[in-house]
Amino acid sequence: PLYEAEKLTVDQSVARFRAPAGITGLWQVTERGKLDADPRRRILLDILYARKNNFLLDLWILFKTIPAALQQENV
């Protein structure tokens, strides 16, 4: 919805949408399940992925997705 897009695309966080959409991401495999997960860190990781997007990083994320998906605690 347009109202959500307006909220998500203010300030520097708009850079996170430069990366292709996917079923997993850098923040999902590095921060998922942490009790002290910071929403700002999620945005920064999305921006980092958008800037460094490459095949090897995608393979690493895909590999790390398996244990992250099977994690049962703190989710």
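For the criterion of being at pLDDT 80 or above, open to solvent by less than 80 Å² (accessible area, probe 1.4 Å) and not in a helix (DSSP H, G or I), THR65 fails.
From the list ALA50, ALA19, ALA37, the lone residue that is modelled with pLDDT under 85, open to solvent by less than 40 Å² (accessible area, probe 1.4 Å) and under 13 Å from the mean Cα position of the chain (by Cα) is ALA19.
The values are calculated or read from the model by the stated rules, or taken from the named source; none is laboratory data. This one's a predicted model, so the numbers in the text were calculated from it and none came from an experiment. Calculation scope for accessible area: heavy atoms of the full protein, side chains included, ligands and nucleic acids excluded. Shrake-Rupley method; radii C 1.70, N 1.55, O 1.52, S 1.80 Å.
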